[in-house]
Every structure is written in C-alpha cells, then in structure tokens.
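**Q** This is the structure I want to talk about, given as structure tokens.
The values are calculated or read from the model by the stated rules, or taken from the named source; none is laboratory data. Quick caveat: nothing in here was measured; it's all calculated off a predicted structure. Positions of Cβ are generated from backbone atoms using ideal geometry, with glycine treated the same way; all protein chains shown enter the neighbour counts. Keep in mind that these areas ignore ligands, DNA and RNA; they rest on the heavy atoms of the full protein, side chains included. Shrake-Rupley method; radii C 1.70, N 1.55, O 1.52, S 1.80 Å.
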Amino acid sequence: MKRGYNTLGARLRLAAFNLASVLLLFVVASFAAEKPRVAVGIDVLEQQKFAPLLRSDKRDARLGLVTNATGIDSQGRRTIDVLASARGLKLVAIFAPEHGIATKVDTTNIEDSKDQSTGIPVYAVYGKTDAARRPRLDILRGLDAVVFDLQDAGVRFYTYETTLGFFLEVCVAAGVELIVLDRPNPINGVAVQGPISNAPESFVNYHSLPVRHGMTLGELAQLFNKERKIGARLRVIRMENWRRTDWLDETGIAWVNPSPALRNMNAEILYPGVALLEQTNVSVGRGTQNPFEIVGAPWVEAAKLSDYMNGRKIAGASFTPAAFTPVSSTLAGKNCQGVKITVTERDALDAPALGIELAAALLQLYPKQFESAGMKSLLANDAELKKLLRGDDPKRITAGWQRSLRSFRKARRQYLLYPELL
C-alpha cells in the first residue's frame with residue numbers, strides 16, 4: 001500500500017512539473033511575441049512631428065543630412081524623403097560617407113552628386129585626404145542644423161564613427177547644432193571587447209576605444225563631445241524599445257547593407273575580429289560571396305589551418321576547410337585555401353580575440369609567408385601587436401585586455417542612453 005502511494009505521489013509530482021514547464025514556455029513565448037518593435041531615431045522624430053527641428057519663428061528650418069541607404073524609417077521610407085517632405089523643414093544638403101549614398105561604392109574616392117529622387121545636392125565626405133573627409137564649413141554655415149542618420153557596425157575602426165566626430169568638430173566652427181537620430185549597435189550594446197587603441201588619431205581610430213565598444217552612435221557622440229572637449233551643440237533622438245542585449249536581427253529593423261562587404265549578421269558578428277587581418281596579405285573574403293566569413297591565401301593549407309583553429313577550442317566558433325578565388329580586393333584572381341568560420345554561439349564569441357587567434361595561427365604555421373605588420377593600423381595598439389609577434393599565447397594576450405576594459409566600461413556609463421542590465 002505504501003509503495004502504491006509513493007508511485008501515485010511521484011506521478012502527481014511529475015504531472016505538476018510538466019504543467020509548470022508548459023506554463024513557463026507559454027509565458028516566455030507570450031513575452032517574445034509581445035516584444036515591441038524598436039523605433040529608431042527617425043521613427044521617434046516622426047512621432048514628435050519633427051518638433052526638435054522646427055524653428056521658433058515659423059520659418060522653414062534649413063537642414064543638412066548625413067545619411068546613406070541605411071537611413072530608413074520603420075515603413076521603409078528614406079530619411080531623405082521624410083525630411084524633404086516635412087512641413088516646416090527644408091532639406092538643402094545631403095552628406096554621403098564612405099561607400100556613398102547607396103552604400104555600394106568600395107573605392108577611396110566618392111564624388112559629389114545629386115539625389116535622383118529629390119534633386120538635393122549630395123556632398124561626399126570621404127576621399128583620400130583628411131580635408132576630403134570633413135564637411136565643408138561654407139556649406140554648414142548656411143544651415144540651422146545637421147541631422148545624422150547612419151547605421152553603424154559597432155566597431156571602432158568602422159569609419160562612420162570618425163565621420164560623426166568630424167561633423168561634431170565642424171558643426172562647432174559653423175555654429176550649427178548636430179542632431180543624431182540614434183540606431184542600434186548591431187552587435188549589441190553589452191559586449192565590450194578587444195584592445196583599447198592608443199595609436200595616433202586616424203580615420204580608423206578617431207578616439208581611444210576598444211575594438212568592440214558596445215555603444216550606439218548617439219552614445220559615442222556624447223562621449224566624443226565631452227572627452228575630446230569639442231563643445232558641439234548636440235542632441236540625440238533616442239530610440240524606443242531597444243535593449244542593450246538586442247542584436248540587430250532581434251529588433252524588427254530591416255537589414256540594409258551598411259557597406260558592400262557587410263551583407264548579413266554573420267559578417268557583422270565576425271567583422272570585429274576577421275577585419276583585423278584585412279590590411280595584411282591574406283584575403284578576408286572581400287571579392288567573394290562570403291566577406292569576413294572566410295580567411296585564406298594561396299600558401300595556406302586549408303585542412304591544416306582548420307585543424308589548428310578547431311584545436312584552439314575558441315568559444316562560439318568552428319572552422320571548416322575552404323577554397324575560394326576573390327574576384328576583387330586582396331589576392332584578386334588568386335586561388336586561395338583557408339577556413340570558413342561558423343558562428344556557433346554569438347553571445348559566447350569574443351570576435352577581436354578570434355582575430356588574434358587567426359593571426360597567431362598564421363604566424364605559427366606560415367611565419368615566412370604571413371605579413372602581420374599590416375595589422376598595425378586597425379589594431380592601433382603596438383604593445384598588443386608586439387606580444388603577438390613574439391609568440392605569446394593568444395589567450396594570454398586577450399586576458400591581458402580585461403583590466404583596461406573594466407575601466408572603459410566604468411568610464412562609458414555616463415554616456416549611455418539606454419539602461420544596462422543589473
């Protein structure tokens with residue numbers, strides 16, 4: 001009798017456990033289904049009926065706009081068209097950063113042009129010289145405000161961040177307010193990874209930052225403005241419903257290539273690490289169907305490199321042998337062997353550490369062929385490059401970043417516009 005009682009009790013406990021599990025799954029599913037779509041800066045500006053841009057004297061506000069194909073609202077309308085058609089506003093100048101207004105150009109020079117739909121002049125702010133990468137003061141002086149709406153990649157050496165800094169500087173000289181329409185950090189606003197740059201300022205190193213800083217452009221604008229003592233009149237139109245843990249594909253925002261080689265989330269996730277090699281003599285997949293998802297060269301043995309990388313047991317990534325021939329960029333027309341990188345757990349992956357692991361593997365396996373000096377510009381930290389070149393274990397190198405990263409996380413808190421998780 002006692003045994004039957006125990007069996008019945010066990011069955012009841014199991015049934016209760018199963019019911020609780022089903023209810024928990026229902027609650028989680030309901031929460032996920034009800035998660036509101038992220039409203040980016042331009043959406044919020046539309047909700048506000050453009051009030052932050054309107055003049056008090058009722059005259060049309062003369063605006064400049066820094067944007068490209070990523071500047072769209074939740075309905076798929078270009079920010080260009082939204083501002084050009086809004087009452088009380090007069091869009092008179094568009095500024096195109098690297099890759100041009102359509103994000104399809106991959107050359108060192110962007111020419112001035114006109115927007116085909118509106119006829120508004122498009123001024124290039126990307127070229128071979130520093131002067132060609134800054135907005136012209138005479139154009140900005142005739143404006144009431146400059147609006148900035150670009151989708152960033154969340155990586156210190158992505159040049160839209162330097163373009164933001166240049167506009168802050170020139171807006172001060174012109175006496176013009178800069179209004180940033182904020183967008184998500186596509187690789188989330190939590191992870192802070194990679195060495196902090198300490199090299200002289202350059203177009204890929206506007207300010208001392210980790211490779212992966214975990215900030216939005218609106219937050220970076222605040223950091224640049226104060227830390228560099230720029231003193232610009234700055235306003236950020238914040239997003240609604242964005243959480244720092246969100247990756248871009250969790251926001252409901254439509255994917256638009258921010259540049260020709262960033263075509264999907266896999267490339268975005270791997271970019272902070274694989275791109276560290278792109279100024280060396282290996283291909284990082286530019287000129288193929290998988291930019292930043294493959295790495296190789298004619299002198300690499302695919303299986304050997306794949307086995308070596310898998311043997312490193314890198315959290316969040318796995319490697320398979322690959323053969324490819326780039327049609328453009330580094331090693332164009334050359335038959336290459338290397339590895340295809342698969343992201344197995346993006347929250348576990350330290351992409352800048354992956355870049356160091358790849359470089360260390362190439363130095364170990366092909367010390368005579370791999371020209372690692374090309375990493376200097378994007379790594380922007382000679383001490384870390386020196387450790388790599390002398391053969392320090394990559395895990396020891398990356399562990400050495402943690403103290404400075406903790407300091408950076410603490411310092412950046414005053415500029416964050418969206419709450420951190422407790």
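**Q** Among the strands (runs of 3 or more DSSP E) confined wholly to segment 159-242, which include 2 or more residues that are in contact with a Gly (Cβ under 6 Å, 6 or more places away or on another chain)?
**A** By residue number, 177-181, 210-212, 234-237.
**Q** What pairs come out if I take residues in segment 351-372 that are charged (D, E, K, R) and pair them with residues that are in a loop (DSSP other than H, G, I, E, B) whose C-beta lies under 6 Å away, six or more apart or interchain?
**A** Glu357/Arg312; Glu357/Ile314; Glu371/Thr280; Glu371/Asn281
**Q** Now a separate question. For segment 86-123, which residues satisfy the criterion of being more than 23 Å from Ala61 (Cβ to Cβ) and in contact (Cβ under 8 Å) with a residue 24 or more places away in the chain?
**A** Glu98, His99, Gly100, Ala102, Thr103, Lys104, Val105, Asp106
**Q** Tell me which residues, restricted to segment 231-286, are under 18 Å from Asp106 (Cβ atoms) and of a type in the set (D, E, K, R).
**A** Correct list: Arg263, Glu268, Glu278, Arg286.
**Q** To continue, here is another question. Residue by residue through segment 284-322, note down the ones that are open to solvent by less than 30 Å² (accessible area, probe 1.4 Å), farther than 13 Å from Ile341 by Cβ, touching a Cys at 6+ places or on another chain (Cβ under 8 Å) and not β-branched (Val, Ile, Thr).
**A** Answer for segment 284-322, where residues must be open to solvent by less than 30 Å² (accessible area, probe 1.4 Å), farther than 13 Å from Ile341 by Cβ, touching a Cys at 6+ places or on another chain (Cβ under 8 Å) and not β-branched (Val, Ile, Thr): just Ala297.
**Q** Is it true that some residue in segment 135-145 is on the phi < 0 side of the Ramachandran plot, surrounded by fewer than 24 Cβ atoms within 10 Å (Cβ to Cβ) and under 22 Å from the mean Cα position of the chain (by Cα)?
**A** Checked against the condition, which is being on the phi < 0 side of the Ramachandran plot, surrounded by fewer than 24 Cβ atoms within 10 Å (Cβ to Cβ) and under 22 Å from the mean Cα position of the chain (by Cα), segment 135-145 yields no hits at all.
**Q** For segment 349-397, which residues satisfy the criterion of being of a type in the set (Asp, Glu) and touching a strand residue (DSSP E or B) at 6+ places or on another chain (Cβ under 6 Å)?
**A** Within segment 349-397, Asp350, Glu384 qualify.
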